[in-house]
Structure formats: structure tokens, C-alpha cells
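Peer 1: Below is the structure I would like to discuss, written out as C-alpha cells.
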Amino acid sequence: ASLLQERYFDWLGVKPPQIPALDLHEIIGEKIRAAAQRSRVRDLYDLFRFANKQFNRDIVRTITVIKCWETNFSFDPVDFLNSLPSGQYDWADLRRLVRKGWEMKAETIIHRVQDGYHFLVNMTEAETILASDQYQRQKIVYRELVDHLHKSPHNG
């Protein structure tokens, strides 16, 4: 990624520097994996903030399944989304981390995450196979999904 082209770069006669950063799809996929495996309110809040952003939902779903498989975690999106209201979240920690005026009610955050990530339930056959393979036996399916991702444009 690079910085936005601002006028001062032109005035200085330089181009914005390239900044190494993860792709947005990978960030969101990793946040979903983290939220599915642990109950940290900051993961849930990050997903809440990303829910209305433009991104390719199919790519994020595939990345999520791959990341869960790589950590030997069986990912069931229906269970994940349904378990959000009963999660043991430290809402006080969120108030400490979030800028004043950006606070939201717990119910608002949970419902937006449930709605915004409902696309996770629409898994392909390969994703379904991999998502339920917590012992990493489906290496061919894994390789096929990774190869498919490498051929997919990450802008969408």
C-alpha cells in the first residue's frame, strides 16, 4: 500500500512511499478467525467497523476458512454467528480502547456483526470440506483453495 497522493508530495517533488501492509481481505479474514476462536471484544469491534466497508465477501470467506484450517480449528459460521450474543466479552476494555464518541451498545455491535458477516454461511463445497477438517487431512482441497485465491483479484 502507499500513502494517499497529497499535494505536499508534489510540492516536495517526491512520490508517496510504499508501506508494507496486509491486504484488507486478509485482515478481515484473520479477525473473523480470531473472533471465532476467542472472545476478545476488540476483535468483535474491529469486525463491526469493517462490516460496512467495500470488500469481496467470497475472498474473505475463503481466507477465513483457510486461516481456521491452518490453526486446526473447525469453523462453523452458523455456530460462530449464533454464539456472539453469549460471548464473554469485556465491554469495559472496549470503552478503554475506543475513542470517546465512538462507543456503541453491545447489542448494536453484535447485531451488525451478525448481519454484516452472514455471507460466511454461503460456503462453497470446498470451503465446507476444509472448514470441518480440524485435523488437516484435506491437503489437496487446501491447496486448491489457496491456488484459487492467488488467481483471484483482491480488489472488489
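Peer 1: Check segment 132-140 and report whether any residue there is within 17 Å of the chain's Cα centre (by Cα) and in a loop (DSSP other than H, G, I, E, B).
Peer 2: No; the residues of segment 132-140 include none that is within 17 Å of the chain's Cα centre (by Cα) and in a loop (DSSP other than H, G, I, E, B).
Peer 1: For segment 40-49, how many residues meet the condition of being touching a residue at least 40 places away in the same chain (Cβ under 8 Å) and either within 15 Å of residue 132 (Cβ to Cβ) or out of contact with any Ser or Thr (no Cβ under 9 Å at 6 or more places or on another chain) (or both)?
Peer 2: Looking only at that region, the number is 6.
Peer 1: Go through segment 16-57 and count every residue that is over 18 Å from residue 112 (Cβ atoms), surrounded by fewer than 16 Cβ atoms within 10 Å (Cβ to Cβ) and at pLDDT 85 or above.
Peer 2: Within segment 16-57, residues that are over 18 Å from residue 112 (Cβ atoms), surrounded by fewer than 16 Cβ atoms within 10 Å (Cβ to Cβ) and at pLDDT 85 or above number 4.
Peer 1: What are the residue pairs meeting all of these: first residue in segment 111-138, first residue on the phi > 0 side of the Ramachandran plot, second residue buried (at least 17 other Cβ atoms within 10 Å of the Cβ) and hydroxyl-bearing (Ser, Thr, Tyr), Cβ atoms under 9 Å, and 6 or more apart or on different chains?
Peer 2: Sorted first by the residue in segment 111-138, then by its partner, the pairs are 136/142.
Peer 1: Further question: I need the full set of residues from segment 118-131 which are surrounded by 14 or more Cβ atoms within 10 Å (Cβ to Cβ) and assigned to a loop (DSSP other than H, G, I, E, B), in order please.
Peer 2: 123, 124
Peer 1: Tally time: how many residues in segment 74-105 are surrounded by 15 or more Cβ atoms within 10 Å (Cβ to Cβ) and more than 27 Å from residue 135 (Cα to Cα)?
Peer 2: 3
The values are calculated or read from the model by the stated rules, or taken from the named source; none is laboratory data. This structure is a prediction, so every number in the text was calculated from the model and none was measured. Cβ coordinates were reconstructed from backbone atoms using ideal geometry, including for glycine residues, and neighbour counts include every protein chain displayed.
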